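The values are calculated or read from the model by the stated rules, or taken from the named source; none is laboratory data. Just so it is clear, the structure is predicted and the values come from calculations on it, not from any experiment. Note that we place each Cβ from the backbone using ideal geometry, even for glycine, and neighbour counts take in every protein chain shown.
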Amino acid sequence: MTANQIIEVLKREANPNKIMIKQKRFGITADNALGIYHKELKALAKTIPKDDKLAIELFESKIYEARLLCSKIFNPNNLTEQLMDKWTSSFENWEICDSYCMGLFAKSKHAIPKAIEWSQRTREFEKRAGFTTIAAYCMADKNADNKTFEQFFSIIKKESTDDRLYVKKAVNWALRNIGKRNVDLKSQAIVVAEELIESNNKSAHWIGKNAIKELKKDKIRISDYPRNIYRA
């Protein structure tokens, strides 16, 4: 399939009512949107071979749903820092941010340095990209040692005072996912969460309280990564 053929498929599936539903129910606002649910795009992506050139052509079309498809058919092994920065700077809502970070960026060799860099950005969804990539990397790299994730604790504490909804949710997500890698990181994440609860900042307090609630559940699922150590 060519980019034009895929775009024709997208235009046939366009539904303006879904644009409004996504805005009202999920807070997803996007320029040049056709109105197609993410689950429908995931199904379409399975019919399209992985093709970097095609993915880039879809992104350059500036059609929102085509850009979402780009994140699903580009090979993460071929990502460059320049391309990651270009795409991140275009994010306008949590849906496209998370699609790229979870499905693509977290699988890249550049994931950690870019996540650290983005976590200090000013724009809401660029900053969210940093923490979403951290959250996703917790599950993407099953062999990384604990030091890889311990370096994020100071960043989480520093940025926990950002009260923007989609930033603080991503900071919270990153802290919870680090804690769910193994028992040692869980203990450290709980200590960080307890520190945040003591903060006078409402955002930091919320992040800590929410993380504690999940990390202290009796039936919390711990992934035990890396398993050659935690399931030896």
What's the number of the condition A144 fails, among (1) buried (at least 18 other Cβ atoms within 10 Å of the Cβ); (2) assigned to a loop (DSSP other than H, G, I, E, B)? (1)
Here is a list of conditions, (1) buried (at least 17 other Cβ atoms within 10 Å of the Cβ); (2) over 24 Å from A111 (Cβ atoms); (3) touching a residue at least 24 places away in the same chain (Cβ under 8 Å), and A211 meets all of them except one; can you say which number that is? (2)
Within the range 26-46, which residues are out of contact with any helix residue (DSSP H, G or I) (no Cβ under 7 Å at 6 or more places or on another chain), part of a loop (DSSP other than H, G, I, E, B) and free of Cβ contacts under 8 Å to residues at least 40 places away in the same chain? K46
Output for the range 47-80, where each listed residue is free of Cβ contacts under 8 Å to residues at least 60 places away in the same chain, closer than 15 Å to I7 by Cα and among the hydrophobic types (A, V, I, L, M, F, W, C): I48, L54, A55, I56, L58, F59, I63, L68, C70, I73
Among residues of the range 163-202, those that are surrounded by fewer than 24 Cβ atoms within 10 Å (Cβ to Cβ), of a type outside the set (G, A, S) and assigned to a loop (DSSP other than H, G, I, E, B), counted: 7
Looking at the range 155-162, can you tell me whether even one residue there is of a type in the set (S, T, N, Q), in the same structural domain as A115 (by TED's automatic domain parsing), assigned to a helix (DSSP H, G or I) and crowded, with 22+ Cβ neighbours inside 10 Å? no
Can you pull out every residue in the range 154-170 that is among the hydrophobic types (A, V, I, L, M, F, W, C) and over 12 Å from V192 (Cα atoms)? L165, V167, A170
Here is a list of conditions, (1) over 11 Å from the mean Cα position of the chain (by Cα); (2) under 26 Å from E214 (Cα atoms); (3) acidic (D, E), and E95 meets all of them except one; can you say which number that is? (1)
Members of the range 15-52 that are among the small types (G, A, S) and surrounded by 15 or more Cβ atoms within 10 Å (Cβ to Cβ): A30, A33, G35, A45
Condition broken by N201, with the remaining ones in (1) under 25 Å from L104 (Cα atoms); (2) at pLDDT 95 or above satisfied: (1)
Mind checking which pairs have a first residue in the range 138-159 that is of a type in the set (K, R) and a second that is not in a helix (DSSP H, G or I), Cβ under 6 Å, 6 or more apart or different chains? K142/Y225
Are there any pairs with C-beta distances below 6 angstrom linking a residue in the range 8-25 that is without any contact (Cβ under 8 Å) to a residue 60 or more places away in the chain to a residue that is surrounded by fewer than 16 Cβ atoms within 10 Å (Cβ to Cβ), with the two at least 6 apart or on different chains, and if so which? Q23/T29
Just to be sure, is K62 part of a loop (DSSP other than H, G, I, E, B), assigned by TED's automatic domain parsing to the domain that holds T148 and not aliphatic (A, V, I, L, M)? no
Please state which of the following conditions M102 fails to meet, knowing it meets all the rest: (1) of a type in the set (A, V, I, L, M, F, W, C); (2) buried (at least 23 other Cβ atoms within 10 Å of the Cβ); (3) farther than 16 Å from E40 by Cα. (2)
